[in-house]
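See below for the structure under consideration.
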């Protein structure tokens, strides 16, 4: 029995290798070159060598290019808190989780710098970033409650953890040194502990 062979025209592709990554890179380049507001989805797709339809298979809109990884990062953080040793203090479980997130982001330093520059230039994007961080803090607090921490301690530790992460992240993208993000998270937490201990 003969097997049917389906051929596709050269301009039509059923599978675009790393389409999401290509779209993200194209979008960041265009946001930096022309500004977020002035960049269209059509321009992003064209720069990536893909179609607008492909763009919308990966992102709901052009803002989502900047925020699409938040869900996976939140899952990693929650999973790390849950798997911390039972003897670990809540702040140490949170620190381990944030260091794990930092290790993931470490490979994307230049992309993170460009992304942050775009967000810093737009109030709407800054608001979206704050919502993302608030969601992460809430997820951390829930994970701490699952480990037996009560309120308001769980919320307090989660919020402190996010503050430490933000300070370390800002240092990481702005410093010229090549210190890695997990190291800066730990150093920022150590600085906080030293200040609160009065040393």
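The values are calculated or read from the model by the stated rules, or taken from the named source; none is laboratory data. Here the structure is a predicted model, which means the values were calculated and not measured. Here Cβ is always computed from backbone atoms with ideal geometry, including for glycine, and neighbour counts include all displayed protein chains.
Summary table
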item	result
Of the criteria (1) surrounded by 14 or more Cβ atoms within 10 Å (Cβ to Cβ); (2) under 20 Å from the mean Cα position of the chain (by Cα); (3) modelled with pLDDT of 95 or more; (4) under 25 Å from residue 170 (Cα atoms), which one residue 55 fails	(4)
Region 68-81: number of residues that are touching a residue at least 60 places away in the same chain (Cβ under 8 Å) and out of contact with any helix residue (DSSP H, G or I) (no Cβ under 6 Å at 6 or more places or on another chain)	0
Out of 19, 26, sole residue that is modelled with pLDDT of 95 or more and touching a helix residue (DSSP H, G or I) at 6+ places or on another chain (Cβ under 6 Å)	26
Matching entry among 162, 91, 167 (being assigned by TED's automatic domain parsing to the domain that holds residue 187, without any contact (Cβ under 8 Å) to a residue 24 or more places away in the chain and within 17 Å of residue 184 (Cβ to Cβ))	167
Residue in region 110-121 that is surrounded by the fewest Cβ atoms within 10 Å (Cβ to Cβ), counting only those that are within 20 Å of residue 187 (Cβ to Cβ) and under 11 Å from the mean Cα position of the chain (by Cα)	112
Any hit, region 89-97, residues being modelled with pLDDT of 90 or more and farther than 19 Å from residue 137 by Cα	no
Number of the exception - residue 188 against (1) surrounded by fewer than 18 Cβ atoms within 10 Å (Cβ to Cβ); (2) on the phi < 0 side of the Ramachandran plot	(1)
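Residues checked against (1) modelled with pLDDT under 95; (2) closer than 27 Å to residue 29 by Cα; (3) surrounded by fewer than 14 Cβ atoms within 10 Å (Cβ to Cβ):
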site: 79; (1), (2), (3): no, no, yes
site: 106; (1), (2), (3): yes, yes, no
site: 123; (1), (2), (3): yes, yes, yes
site: 137; (1), (2), (3): no, no, no
site: 144; (1), (2), (3): no, no, no
site: 149; (1), (2), (3): yes, no, no
site: 155; (1), (2), (3): no, no, no
